[in-house]
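K.L.:
So that we are looking at the same thing, I have put the structure below in structure tokens.
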Amino acid sequence: MSTALESKNLQTQLWNLLEPTIKSEGLELWDLQFSGKANGGGNVAIFVDTPEGGIQLEQCVEVSRKLSLVLDMEDPLPGAFNLEVSSPGLDRVLRRTEHFNRYIGQKVRVRLYDPLDGRRSFTGVLSQVNDASITLTVDGKNDVCIELELVKKANLIAEFSFRNDAKEQK
């Protein structure tokens, strides 16, 4: 079995093992990343969030404690490993169809494995999502349809607006 396939199978196994514990806390498993070493061990990074967005540090600590117990009992990983539990962040990775659906109308950056129309990177407003592709409105006018299997990485782009409160205080 190839190393990439073994890694994908392990990620799926970890996802299925850990998601029920995370859901029992009223949270959602946003993403899971595993980087292993040839002699066993490695890092398991778990990204959790509330359904509304905005997880608290105390929630991450509690989930980390519970996931550590599950991993110790089930022992799916050879050797010692580091467990990290955190928020997906403002510039969160978008991997699953449900991630993209949640952020329709928001600005995203998409990087591709291979060029599409001579480009590997697109930034635009996510305008449509289906099971096989997403559509971005780039530069406010050009719609670009991207097959999900071509996406190497996609991130939400956090945008902040600052208003001039001095005008409102008059």
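The values are calculated or read from the model by the stated rules, or taken from the named source; none is laboratory data. Nothing here was measured: the structure is a model prediction, and the numbers come from that model. Don't worry about glycine lacking a Cβ; one is built from the backbone with ideal geometry, like all the others, and counts go over all protein chains shown. SASA here: full protein model, heavy atoms, side chains in, ligands and nucleic acids out. Shrake-Rupley method; radii C 1.70, N 1.55, O 1.52, S 1.80 Å.
K.L.:
Restricting to DSSP loop positions (anything but H, G, I, E, B) with no more than 10 other Cβ atoms inside 10 Å of their own Cβ, which GluC sites (Glu not before Pro) remain in segment 33-75?
P.N.:
Passing both the DSSP loop test and the Cβ count: Glu52.
K.L.:
Convert 25 °C to kelvin, take the viscosity as 0.890 mPa s, use the Kirkwood radius over C-alpha pairs of segment 94-154 as Rh, and evaluate the Stokes-Einstein diffusion coefficient in µm²/s, rounded to a whole number.
P.N.:
Working: Rh = 11.2 Å.
It comes out at roughly 219 µm²/s.
K.L.:
May I pose another question? Roughly how many Å² is the accessible area per residue of segment 70-120, as a whole number, for a 1.4 Å probe? Write down the numbers at each step before the final one.
P.N.:
Details: 3260 Å² over 51 residues.
So segment 70-120 comes to 64 Å² accessible per residue, rounded to a whole number.
K.L.:
So if I restrict to the alpha-carbon atoms in segment 27-127, what is the Rg, and what is Dmax, the biggest pairwise distance, in Å?
P.N.:
Rg, Dmax (Cα atoms, Å): 16.7, 50.
K.L.:
Can you work out D for the chain in µm² s⁻¹ from Stokes-Einstein, where Rh is the Kirkwood radius over C-alpha pairs, the temperature is 4 °C and the viscosity is 1.567 mPa s?
P.N.:
Roughly 71 µm²/s, to the nearest whole number.
K.L.:
For the chain, modelled as a Gaussian network with Cα springs under 10 Å, which listed residue fluctuates most, Glu149, Glu28, Glu19?
P.N.:
Of Glu149, Glu28, Glu19, the most mobile in the Gaussian network model is Glu149.
K.L.:
So how tilted is helix 3-24 from the main axis of the chain? Cα-based, degrees 0 to 90, rounded to 10.
P.N.:
90
K.L.:
Using the Cα centre of the chain as the reference point, and only Cβ charges (+1 on K/R, -1 on D/E), how large is the resulting charge dipole? Debye, rounded to the nearest 20.
P.N.:
Roughly 620 debye, rounded to the nearest 20.
K.L.:
Count the DSSP beta bridges whose two residues both fall in segment 1-128, then state the antiparallel fraction as a percent rounded to the nearest 5.
P.N.:
Taking every DSSP beta bridge within segment 1-128, about 70 percent pair in antiparallel fashion.
K.L.:
With a 1.4 Å probe and every protein chain kept in, tell me what percent of the accessible surface of segment 1-136 is carbon plus sulfur.
P.N.:
Numbers: 3740 of 7760 Å².
C and S fraction of accessible area: 48 percent.
K.L.:
Using only C-alpha positions, report the orientation-averaged shadow area of the convex hull of segment 54-110, nm², one decimal. It would help to have the intermediate numbers written out before the result.
P.N.:
Details: hull surface 22.5 nm².
Taking the Cα atoms of segment 54-110, their convex hull projects to 5.6 nm² on average.
K.L.:
Using a Cα distance threshold of under 19 Å, what count of lysine pairs results for the chain when pairs must be 8 or more residues apart or interchain?
P.N.:
Count of close lysine pairs: 7.
K.L.:
A further question on this structure: Among Asn101, Gly36, Asn9, which residue has its Cα furthest toward the positive end of the charge dipole of the chain, with +1 on Lys/Arg Cβ and -1 on Asp/Glu Cβ?
P.N.:
The Cα lying farthest towards the positive end belongs to Asn101.
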